[in-house]
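Here's the structure, in C-alpha cells; my notes come after.
The values are calculated or read from the model by the stated rules, or taken from the named source; none is laboratory data. Being a predicted model, the structure only gives us computed values, none of them experimental. We place every Cβ from the backbone using ideal geometry, glycine too, and count neighbours over all the protein chains shown.
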Amino acid sequence: MTRTNYDILDSHDMLSCKSPSRAHRKPLRRIACGVAIALVGSLCLASEASSGDITQHKSIKQLADYQLTDKQYLCHNSIIYRESRFKANAVNGSHYGYYQGKSRVLLGAPADYQFYWYWSYVSHRYGVTRYDEPDYCKALHHLQIKGWQ
C-alpha cells in the first residue's frame, strides 16, 4: 500500500498536503487535505484562545480581591493576618497554611488551592452572602468571640 498524499510544513510553518506523484492527485483528496488543514488550524487557535482565559493570581490577596466584595475582602484578609500573617506555609501544631486549616493537604499547597478550600469550608460552616460568596465576616466574628485570635 502506497500513500499518495503526505503532510508537510512549508517555509512559513504552514501545514499543506502534497502528492509525490502529480498523476495521483484527485480533487477529492485536495478537498480532504484542505478540510484537514482547516480543522487543525482551528483547533490550534481554539486551544490558544482558551489558555488565555486562565488568570494567574500572584498572591492570595489578588485572588480574594478578584472574587470578593470589599466588605468580605477586608474580613478575609483579617482572618489570614490573624491566622498566619499571610504565610502560605505556616504551621501551628496540626493546622496548616494561610487559614490554619486542620488538613495536612494544605501544607505546601498553592494559594489558589488554599483559597478555594477555605471558600468551601466557610460557605458550609457560616453560610454565604447575597452575592454567593462565603460570609468571611461571620467567620471573623466567630474567631473574635471565641478569643482564638
Within segment 125-137, is even one residue part of a helix (DSSP H, G or I), touching a residue at least 60 places away in the same chain (Cβ under 8 Å) and assigned by TED's automatic domain parsing to the domain that holds ASP70? yes
What single numbered condition from (1) in contact with a strand residue (DSSP E or B) (Cβ under 8 Å, 6 or more places away or on another chain); (2) surrounded by fewer than 18 Cβ atoms within 10 Å (Cβ to Cβ); (3) not hydrophobic (A, V, I, L, M, F, W, C) fails to hold for SER94? (1)
Could you tell me whether LYS138 is surrounded by 14 or more Cβ atoms within 10 Å (Cβ to Cβ) and either under 16 Å from LEU74 (Cα atoms) or in contact with a strand residue (DSSP E or B) (Cβ under 9 Å, 6 or more places away or on another chain) (or both)? yes
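Could you list all residues from segment 76-113 that are touching a residue at least 24 places away in the same chain (Cβ under 8 Å) and among the β-branched types (Val, Ile, Thr)?
Correct list: ILE79 only.
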